[in-house]
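Everything on this sheet refers to the single structure shown next.
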Amino acid sequence: MSILHYILIALEVVLIFNLIIGVHELGHFLAARWRGLKVERFAIWFGKPIWKKKIGGVEYALGTIPFGGYVSLPQMASMEAIEGKTETTEPLPNVSPLDKIIVAFAGPLFSLLLAVAFAVIVWQVGKPVSATGNSTVIGFVDPNGPAAKAGLRPGDNILEVDGHPVSQFSPAEGGKSSSAQDSVKWCIITSQGTNIAIKYQRDGQVAMAYPVPIHQPTKWYERRSLRQIMIDGAFPALIAGTLTNSPAEQAGLMPGDEIVAMDGQRIYSPRALWTLEDEMTNGSTHPVTVTVHRSTNDVDITLLAARPVQPTNAPPSFGIVWQVDTNITLAHPRPLEQIQSSAETIFATFAALFAPHGEIGVQQLGGAVMIFRVYYNLFQDDDGWRRVLWFSVVLNVNLALLNMLPLPVLDGGHITLSLIEVVRRRPVSARILEKIQSGFAALLIAFMLYIAFFDAGDWIRSAHSDREVTPIFAPQK
């Protein structure tokens with residue numbers, strides 16, 4: 001049953017992936033039919049077809065490389081590197097630049113229309129959001145990190161980062177359709193100075209901190225790390241359960257308990273206890289008193305981490321299973337808000353990508369593998385279908401905007417070539433055009449493979465970490 005479950009999820013992902021690509025290409029196809037252009041092939045995905053069928057003079061195909069799709073139009077700019085050689089032997093009449101522009105623009109237009117359709121559905125059924133998503137309160141500060149050295153503490157409420165007001169801790173966490181620029185983490189990774197100016201509020205007083213960001217070391221096959229100051233957002237330390245024979249079970253902790261303080265100090269994240277477990281690994285094995293909020297009462301409970309018997313190399317642990325955020329509500333952002341937020345996110349990404357002294361490079365971009373992984377993870381959630389709809393809005397807006405870039409092979413490149421034809425009053429040389437298109441097609445494929453390498457590496461490492469063995473504790477004597 002488990003295998004069947006994952007197969008069904010994979011099929012759902014393939015289905016929606018093909019829907020998004022198919023609608024984009026359908027725009028080109030219908031516009032080409034409307035304007036009287038010759039259509040040779042309608043293909044989803046690139047590469048040698050694993051399935052094809054000819055209907056009404058048009059070959060419909062499914063390729064082997066899941067990186068997009070195309071409609072083969074011999075009267076448009078040649079893309080033999082992707083589409084293969086044209087099958088048309090008879091000469092075809094030239095089409096006007098306006099017809100070419102209409103056909104090229106129809107793909108992004110249909111992607112945008114599909115985004116609107118998804119956005120209308122999201123508006124009606126709702127988008128799951130965390131009630132804590134709009135918080136900018138610091139939940140954890142690494143005691144040895146830049147933020148701690150600059151004086152920041154858990155519980156501080158961040159107001160601005162480098163002069164930019166913030167309304168959420170991580171991109172797209174909040175209930176409103178806010179964009180990435182509003183988040184603490186985005187402002188940190190896109191900052192450019194030696195120090196990052198952090199305006200925060202503590203006990204009603206506003207103050208400033210100037211941490212020096214660091215980069216975590218990475219291996220050659222990993223993406224280059226971005227700026228960070230070693231902080232996380234606030235998150236309730238809710239207990240979902242305790243492991244059998246663990247210190248937490250022996251101490252009487254129960255599902256639904258919330259740990260609100262440790263040794264008299266308020267905590268804002270379960271990571272406070274994770275850090276304590278790490279310290280105990282290094283030999284500091286003293287007990288800790290935690291304050292637990294249970295129903296309407298607060299009780300103090302003493303805990304001492306113990307080393308599990310399995311796996312044999314496991315570090316000391318309290319044996320607590322933490323609750324994921326259950327305080328989920330449904331937001332109903334209007335379609336225009338969703339489209340605007342998605343567009344602002346892609347514009348912010350390009351602004352960071354081309355910032356003169358920025359550190360975000362093409363290596364940090366995600367490709368088809370990342371998109372597949374996101375959909376795959378979303379579909380596994382019981383309420384994931386709502387998140388799938390919302391992510392589809394973002395993806396279709398991105399697909400529409402990226403395809404409008406004035407680069408050969410992309411739809412914006414076709415439009416640019418048509419505008420050049422209007423100015424020159426004649427088409428660009430077919431021989432030169434073929435070389436340009438083929439060259440850019442090769443670069444595009446190489447770029448997608450480059451991104452896919454890092455996407456796949458991230459997925460494999462994540463899957464490996466998810467398979468960590470649950471600790472087993474010895475029965476108490």
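Annotation: for a label point projected 7 angstrom from Cα along Cα→Cβ of THR296, residues of the stretch 245-280 with backbone N closer than 18 Å are 257-258. For the chain, averaging the sequence separation of C-alpha pairs within contact (under 8 Å, six or more residues apart) and dividing by the residue count gives a relative contact order of 19 percent. Accessible surface for the stretch 147-277, divided over its residues, is 47 Å² per residue with a 1.4 Å probe. Taking Cα atoms only, the orientation of helix 335-353 departs from the longest principal axis of the chain by about 90 degrees. The label-point distance for LEU443 and LEU62, in a model that sets each label 7 Å from Cα toward Cβ, rounds to 3.3 nm. Compared with the dominant Cα axis of the chain, that is its longest principal axis, helix 411-424 is turned about 40°. Normalise the Cα radius of gyration of the chain by 2.2 N^0.38 Å (N = residues in it) and let me know the number. The value comes to 1.18. Which FRET efficiency value, to the nearest 0.05, is calculated for LYS52 and VAL14 with the Förster distance at 25 angstrom and r the Cβ-Cβ distance? Calculated transfer efficiency: 0.90. Taken along the Cα-to-beta-carbon direction at a fixed 7 Å, the label points for VAL362 and LEU92 span 3.0 nm. For the Cα trace of the stretch 319-463, dividing Rg by the Kirkwood Rh returns an Rg/Rh value of 1.07. The share of accessible area on the chain that comes from carbon and sulfur is 60 percent, using a 1.4 angstrom probe. Summed over the residues of the stretch 20-65 and divided among them, the accessible surface reaches 51 Å² per residue at a probe radius of 1.4 Å.
Using a probe of 1.4 Å on the protein chains alone, the accessible area found for TRP123 is around 90 Å².
Going by a ≥ b ≥ c, the root eigenvalues of the Cα gyration tensor, does the stretch 18-74 fall in the rounded group (a/c under 1.5), the prolate group (a/b larger than b/c) or the oblate group? Don't skip to the end; give the middle numbers.
Numbers: a/c = 2.18, a/b = 1.39, b/c = 1.56.
It is oblate, given that a/c is not under 1.5 and a/b is not larger than b/c.
Compute the length gained on full extension between GLN205 and GLN476: take 0.36 nm times their separation in residues and subtract their Cα-Cα distance, giving the result in nm to one decimal. Please report the intermediate quantities before stating the final value.
Details: separation 271, 0.36 × 271 = 97.56 nm, distance 4.86 nm.
In short, 92.7 nm is gained.
You can think of it this way: the chain between ARG461 and GLU277 has 63.9 nm of extra reach, that is 0.36 nm per residue less the Cα-Cα gap. Within a straight-line Cα-Cα reach of under 12 Å, LYS100 can be paired with the following aspartates and glutamates, leaving aside sequence neighbours fewer than 8 residues apart in one chain: ASP411, GLU421. Bridgeable aspartates and glutamates around LYS52 (alpha carbons under 20 Å apart, same-chain partners fewer than 8 residues away excluded): GLU25, GLU40, GLU80, GLU83, GLU87. Heavy-atom accessible area for GLU279, with the other protein chains in place and a 1.4 Å probe, reaches approximately 80 Å².
The values are calculated or read from the model by the stated rules, or taken from the named source; none is laboratory data. Since the structure is predicted, the reported quantities are computational estimates derived from the model, not experimental observations. Note that each Cβ is placed from the backbone with ideal geometry, even for glycine, and that neighbours are counted across all protein chains shown. Please note that ligands, DNA and RNA were not included when accessible areas were found on the heavy atoms of the full protein model with its side chains. Shrake-Rupley method; radii C 1.70, N 1.55, O 1.52, S 1.80 Å.
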